[in-house]
Amino acid sequence: MALIKDTAIVLRRLDYSETSQVLVLLTREHGQLRIIAKGIKRSTRNRAAVGIDLLERGRIVFSLRSGKEDGLATLTEWHQEDNYAHLQRSLPRCYAAQYSAEVTSQLTEVLDPHPMLFDGLHRLLDALADEDVLVCLVDYLWLMLKEIGLQPELSRCVSCNGDVAGEPVLHFSSRQGGVICRDCEPAMVEKRRMRSEVAQGLVSGKREDDPAAFDLLDYHLREIMFRPAKLSSPLRAALKIKA
């Protein structure tokens, strides 16, 4: 089996035995990767090993069994590059990072590469050192939805294709894939109200410390995944955003 090199961020980790772990990684060149790290927690006489932690970034070497690419890859080398230690000093920042990892692992496919998404997650984890949590998080979630092809349409009504500019209050339907004008709204079952400036801010990229933008994207992700993210409630509590 050929050995493959890449750069990875840990999205999920599971202790497999006393000495091994199963990891879900986001790699830059190979997309999501599910991998077994055999013996990664085995200590030696001179070194105590604790394994690989959630949200670490590192250079990896791994192998994939031919014909079984959808199974577990095998990790042969791990060289840590960053553990984003600043996340441990702030509960909201830690939850924002873990929320991002959770939805990324749920909505990306194994061996479906998205280099820009990997760079965006790396940028988010760096930015959470000192930049506004909500702005950083919304930036990343908007990018992720674009990369996986589920970014909602917020410029025109997804039902009639009418212009929604100038409408102070809009409705958003995740199942329809975007905003709905006031004429089409009565016929929609799944919908929620949203302010027009929230839509404009997401489309233009002019982010503000506004919980409404995250609230909208969190709702959209919940509908896509058919359940709320596990970290949604703790993150909302830490950021003091009402459900």
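Each reported figure results from applying straightforward, stated rules to the coordinates on display, with no laboratory input. Quantities reported herein were computed from a predicted structural model and do not represent experimental measurements. Every residue, glycine as well, gets a Cβ built from its backbone with ideal geometry; the counts of neighbours run over all protein chains shown.
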Enumerate the aspartates and glutamates that residue 242 could reach by cross-link, defined here as Cα to Cα under 13 Å, with residues fewer than 8 away along the same chain left out.
210, 215, 218
Zone of residue 3 (label point 7 Å along Cα→Cβ, backbone N under 20 Å): which residues in the stretch 80-105?
80-81
From the phi angles alone, apply the Karplus equation (6.51, -1.76, 1.60; θ = phi - 60°) to the stretch 161-169 and give each ³J(HN,Hα) in whole Hz, x where the residue is Gly or Pro.
6, x, 6, 9, 4, x, 7, x, 10
Given labels modelled 7 Å from the Cα in the Cβ direction, how far is it in nm from residue 192 to residue 19?
4.8
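Mind giving me the FRET efficiency for residue 82 and residue 61? R0 is 22 Å, r the Cβ-Cβ distance, nearest 0.05 is fine.
On the way: r = 18 Å, r/R0 = 0.81.
Calculated transfer efficiency: 0.75.
What pairs in 191/230; 146/230; 5/206; 146/240; 5/146; 5/41 have C-alpha atoms more than 25 Å from each other?
Values: 191/230 22 Å; 146/230 22 Å; 5/206 37 Å; 146/240 27 Å; 5/146 27 Å; 5/41 21 Å.
Checking Cα-Cα distances, 5/206; 146/240; 5/146 exceed 25 Å.
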C-alpha long axis of helix 91-107 to longest principal axis of the chain, angle in °:
90
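Order of 194, 188 from fewest to most other C-beta atoms within 10 Å? Can you show the working numbers first?
On the way: 194 21, 188 15.
Ordered by Cβ neighbours within 10 Å, fewest first: 188, 194.
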In deg cm²/dmol, rounded to the nearest 500, the helical mean residue ellipticity at 222 nm of the chain, built from -39500 (n - 2.57) for every DSSP H run of length 4 or more, is -10000 deg cm²/dmol
